[in-house]
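Everything below concerns the one structure shown next.
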Amino acid sequence: MEKKISTTDAVDILHRRYVKDDPDRKASLEAERVNAEVSRLIYELRKDAGLSQKELAELIGTTQSVISRLEDADYEGHSLSVLNRIAKALNQRLTVLMMEDDHEVDTIRIAFQELMQKL
């Protein structure tokens, strides 16, 4: 008989209920995490530099609305060329790192493939 796991951690409960061991759902979740992390990073670097969205946009030759979209965690259109322009404008260097994650290799691989199809 399988022992039930008792927890009050909402994230853990939702993960077990909706993601489980479904590789497509795991990949989708990982892709969302990547988008949220990229958006947060752009926002934090811009704020640390003391720039408004409009000022950053002018530095990289785009509009404020593009910066706003890039800082939105739901945005899925981050391109390496735009990220590189932002990095240069903020005196940063863009680095892409791929690492093997022992227990979630397939999830990351699927998420990366989905991201590359969108580029």
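The values are calculated or read from the model by the stated rules, or taken from the named source; none is laboratory data. No experiment lies behind these values; they were computed from the predicted model shown. Here Cβ is always computed from backbone atoms with ideal geometry, including for glycine, and neighbour counts include all displayed protein chains. Side chains included, ligands, DNA and RNA excluded: accessible areas come from the protein's heavy atoms. Shrake-Rupley method; radii C 1.70, N 1.55, O 1.52, S 1.80 Å.
Data table
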item: Stokes-Einstein translational diffusion, the stretch 1-86 - Kirkwood Rh over all Cα pairs, 1.002 mPa s, 20 °C, in µm²/s; result: 141
item: GluC sites (Glu not before Pro) lying in DSSP loop within the stretch 31-94, provided at most 16 other Cβ fall within 10 Å; result: Glu76
item: Rounded to whole Hz, the Karplus (6.51, -1.76, 1.60) HN-Hα couplings of the stretch 41-53, x for glycine and proline; result: 4, 4, 4, 5, 5, 5, 5, 4, 7, x, 9, 7, 4
item: Distance (nanometres) between label positions extended 7 Å along Cα→Cβ at Leu97 and Asp21; result: 3.1
item: In order through the stretch 73-90: 3J(HN,Hα) via Karplus (6.51 cos²θ - 1.76 cosθ + 1.60), integer Hz, x for Gly, Pro; result: 4, 8, 6, 10, x, 4, 10, 4, 5, 5, 4, 5, 5, 5, 4, 5, 5, 9
item: Relative contact order [Cα under 8 Å, 6+ residues apart], the stretch 13-79, whole percent; result: 34
item: In Hz, Karplus ³J(HN,Hα) per residue of the stretch 21-33 (6.51, -1.76, 1.60; θ = phi - 60°; x = Gly, Pro); result: 10, 6, x, 5, 5, 5, 5, 4, 4, 5, 4, 5, 5
item: Computed accessible area, Lys88, all protein chains, 1.4 angstrom probe, square angstrom; result: 150
item: Dipole magnitude of the stretch 7-63 about its Cα centre (Cβ charges: Lys, Arg +1; Asp, Glu -1), debye to nearest 20; result: 120
